[in-house]
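Colleague: This is the structure I have questions about; it appears just below.
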Amino acid sequence: MRLFCILLLLILSGFGLRAQSPAPSGFAQGTLGQLAAQAAQEKKPYLVFVSTDWCSYCKLMKRETFPDPAVREFLAQNFLIQQIDAEKGEGEAFAAQHKIRDYPFILFFGPDGKPLGRIRGFQEAEYFMINLQPIYKKFLKRYPL
């Protein structure tokens, strides 16, 4: 019941996605190191959306899932977010380090950089919200507010 009330409050509050320098897409700009530092400073979990230029499901998720009002509001209140390309720049090393070979792939980290969970493959907004809940609960259990 508490989670339902929190979600309802978030939906009605109208927050946008938060991140250190939001790009027009709502994802943070900058390096993963900057994102991790901001998460540590704000004591917030963060997610890294790993995609490629050629991934049609990545584009679909970016176009339909992340802009969904419930998704935007929940992420804005509870996570910092960033997208990286697994085939460019620091994304190559990140994808190799985490053994990511299929896309889209989303990794979640606590403010200390420890993994909280992962979501693999395309997620419609409704299922993405369902799959976010255990990850956020894990965060709350590890890092009580």
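Colleague: With the requirement that a residue be small (Gly, Ala, Ser) and within 20 Å of Ala40 (Cβ to Cβ), what does the range 62-83 give you?
Modeller: Ala76
Colleague: On the basis of being assigned to a helix (DSSP H, G or I), touching a residue at least 60 places away in the same chain (Cβ under 8 Å) and open to solvent by 60 Å² or more (accessible area, probe 1.4 Å), does Tyr57 make the cut?
Modeller: It is true that Tyr57 is assigned to a helix (DSSP H, G or I), touching a residue at least 60 places away in the same chain (Cβ under 8 Å) and open to solvent by 60 Å² or more (accessible area, probe 1.4 Å).
Colleague: Could you please find all residues in the range 109-130 being surrounded by 16 or more Cβ atoms within 10 Å (Cβ to Cβ) and not basic (Lys, Arg)?
Modeller: Hits for the range 109-130 are Phe109, Gly110, Pro111, Leu116, Gly117, Ile119, Phe122, Gln123, Ala125, Phe128, Met129.
Colleague: Scan the range 103-135 for residues that are of a type outside the set (Gly, Ala, Ser), under 15 Å from Lys44 (Cα atoms) and not in a helix (DSSP H, G or I) and jot them down.
Modeller: Leu107, Phe108, Phe109, Pro111, Asp112, Lys114, Pro115, Leu116, listed by residue number.
Colleague: Pairs needed: first member in the range 119-145, closer than 18 Å to Asp102 by Cβ; second member anywhere, open to solvent by 100 Å² or more (accessible area, probe 1.4 Å); C-beta distance under 8 Å; at least 6 residues apart or different chains.
Modeller: Sorted first by the residue in the range 119-145, then by its partner, the pairs are Gly121/Tyr57; Phe122/Tyr57; Glu124/Glu64.
Colleague: Report, by residue number, each residue of the range 84-101 that is exposed (fewer than 12 other Cβ atoms within 10 Å of the Cβ) and either of a type in the set (D, E, K, R) or closer than 23 Å to Lys43 by Cα (or both).
Modeller: Lys88, Lys99, Arg101
The values are calculated or read from the model by the stated rules, or taken from the named source; none is laboratory data. Just so you know, these numbers come straight off a predicted model, no measurement behind them. As a convention, Cβ positions derive from the backbone with ideal geometry for all residues, glycine included, and neighbour counts pool all protein chains shown. Each accessible area value is taken on the protein alone, full model and side chains, heavy atoms only, with ligands, DNA and RNA left out. Shrake-Rupley method; radii C 1.70, N 1.55, O 1.52, S 1.80 Å.
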